[in-house]
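Here is the structure we will look at.
The values are calculated or read from the model by the stated rules, or taken from the named source; none is laboratory data. These figures come from a predicted structure and were not determined experimentally. For neighbour counting, all protein chains shown are included, and Cβ atoms are generated from backbone atoms with ideal geometry for every residue, glycine included. Quick note on the areas: whole protein, heavy atoms, side chains included, nothing else; ligands and nucleic acids left out. Shrake-Rupley method; radii C 1.70, N 1.55, O 1.52, S 1.80 Å.
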Amino acid sequence: MLPGNAIGQQTGPASHKYFFSAAFTVDGIKNLQKQSATGFKAGVAKFFGSVGGRLESWYFDYAENTAYGSVDYPDEIAAATAQAAVNAAGFARVIYKPVLSAEDADKALVKSVATRPPQQQ
């Protein structure tokens with residue numbers, strides 16, 4: 001078990017972290033070809049910021065025509081808003097996977113010991 005002060009070290013507003021994959025469509029690749037990858041990454045960061053998110057990382061897998069990265073959002077609504085907007089635009093198919101920091105995973109694991117799953121009947 002972690003010492004009490006190690007558990008409470010995070011400060012600032014709550015954020016929700018997500019890993020994402022964005023599989024580019026043919027039109028999405030054509031759009032990427034019109035600009036630099038760094039320019040596109042800057043545009044992604046600005047877009048995430050428009051819904052309250054913050055891009056942490058962005059990588060391009062040229063073998064699969066897919067971008068991968070991580071983003072912080074203030075809540076699930078912001079993440080769902082961004083995902084719906086990107087998917088509706090048709091340039092990529094975005095999938096988010098919520099993730100926990102090691103500290104938050106520790107909190108969940110501590111709670112899991114005292115939580116009882118439903119019993120089969």
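Considering (1) within 20 Å of GLY28 (Cα to Cα); (2) part of a helix (DSSP H, G or I); (3) open to solvent by 60 Å² or more (accessible area, probe 1.4 Å); (4) of a type in the set (Val, Ile, Thr), the lone condition that VAL113 does not fulfil carries the number (1). Within the span defined as the stretch 35-50, every residue fails to be assigned to a loop (DSSP other than H, G, I, E, B), among the small types (Gly, Ala, Ser) and closer than 16 Å to ALA85 by Cα.
Determine whether GLN120 is of a type outside the set (Ser, Thr, Tyr) and either assigned to a loop (DSSP other than H, G, I, E, B) or on the phi > 0 side of the Ramachandran plot (or both). When the stated conditions are applied, GLN120 passes them. Go through the stretch 55-110 and count every residue that is of a type in the set (Lys, Arg) and either more than 9 Å from the chain's Cα centre (by Cα) or open to solvent by less than 80 Å² (accessible area, probe 1.4 Å) (or both). Residues that pass the stated criteria total 2. Against the test of being among the basic types (Lys, Arg) and out of contact with any helix residue (DSSP H, G or I) (no Cβ under 9 Å at 6 or more places or on another chain), the options LYS41, LYS107 yield a single qualifying residue, LYS41.
Can you confirm whether ASP72 is acidic (Asp, Glu) and modelled with pLDDT under 95? Answer is no for this residue. Scanning the stretch 54-81 for residues that are part of a strand (DSSP E or B), more than 22 Å from SER101 (Cα to Cα) and free of Cβ contacts under 8 Å to residues at least 12 places away in the same chain yields a single hit, ASP61.
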